[in-house]
Amino acid sequence: QLQASGGGLVQAGGSLRLSCAASGGTFVGYTVAWFRQIPGKEHEFVAGTKLSAGTTYYADSVKGRFTISRDNTKTTVYLQMNSLNPEDAANYYCAAGRRVIVSASRSPRAYNFWGQGTQVTVSS
């Protein structure tokens, strides 16, 4: 079970850090990603990390502003979001999957486990 937290209201240019905790387990062997969704739209890939390889990958729209990382216990994955703009406002979800191949890693269908969303609102 995944628990996402850390959303809130921030002014444009501000920062937030989202957390995704693996309840009752760890992320060892998983690929973990963040997606975001606005009403009426599909989930949009934001960032992901393959924990075994230590690799990270980002949507072009957030590259250089967002950073995905994990803690040393591999029970929590973070999304540090800097230089936020109103286009970043959405409900953010974390997701995890065990056998996520690289070519599918940006698709929500590649992930088996999902946390509840955490809302990010950016005021201009």
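The values are calculated or read from the model by the stated rules, or taken from the named source; none is laboratory data. Note that the coordinates shown come from a computational prediction; the quantities given were computed from them, not determined experimentally. So basically every Cβ, Gly included, is an ideal-geometry build from the backbone, and we count neighbours across all protein chains shown. When the accessible area is computed, the model is the full protein with side chains, heavy atoms only, and any ligands, DNA or RNA have been set aside. Shrake-Rupley method; radii C 1.70, N 1.55, O 1.52, S 1.80 Å.
Looking only at 11, 37, 80, which one moves most when the chain is put into a Gaussian network model with springs between Cα atoms under 10 Å?
11
How large is Rg/Rh for the range 38-124, to two decimals, with Cα atoms and a Kirkwood Rh?
0.94
Select from 9, 81, 23 the residue farthest towards the positive end of the dipole of the chain; place +1 on Cβ of Lys and Arg, -1 on Cβ of Asp and Glu, and compute about the Cα centre.
It is 23.
Using a cut-off of 15 Å between beta-carbons, work out the net charge of the residues near residue 12 (Lys and Arg +1, Asp and Glu -1, residue 12 not included).
-1
Name the residue, out of 32, 62, 77, whose mean-square fluctuation peaks in a Gaussian network model built on the chain with Cα pairs under 10 Å.
Answer for the Gaussian network model of the chain: 62.
So what is the accessible area of the chain per residue, in Å², with the probe set to 1.4 Å? Walk me through the intermediate numbers first.
Values: 6460 Å² over 124 residues.
Accessible area per residue, the chain: 52 Å².
Can you give the local net charge around residue 90? Use residues other than it whose beta-carbon is closer than 12 angstrom to its beta-carbon, Lys and Arg +1, Asp and Glu -1.
-2
So which lysines can residue 41 reach, going by Cα to Cα under 25 Å and dropping same-chain residues fewer than 8 places off?
Straight-line reach from residue 41, under 25 Å: 63.
If one computes P(r) from the Cα atoms of the range 34-82, what percent of pairs lie at distances over 16 Å?
In whole percent, the share of Cα-Cα pairs in the range 34-82 beyond 16 Å is 43.
To the nearest whole percent, what portion of all C-alpha pairs in the range 1-90 is separated by more than 23 angstrom?
21 percent
Treating only the Cβ atoms of Lys and Arg (+1) and Asp and Glu (-1) as charged, compute the dipole magnitude of the chain about its Cα centre; round to the nearest 20 debye. Write down the numbers at each step before the final one.
Numbers: 12 positive and 6 negative charges, 77 e Å.
Result for the chain is approximately 380 debye, rounded to the nearest 20.
Carbon-plus-sulfur fraction of the accessible area of the chain, 1.4 Å probe, in percent? If you can, show how the numbers build up before the last one.
Working: 3080 of 6460 Å².
Carbon with sulfur: 48 percent of the solvent-accessible area.
Quick one: compute the contact order of the chain, relative version, from alpha carbon pairs under 8 angstrom and 6+ residues apart, as a percent. Please list the in-between numbers first.
Working: 307 pairs, mean separation 44.5, N = 124.
After rounding, I find 36 percent.
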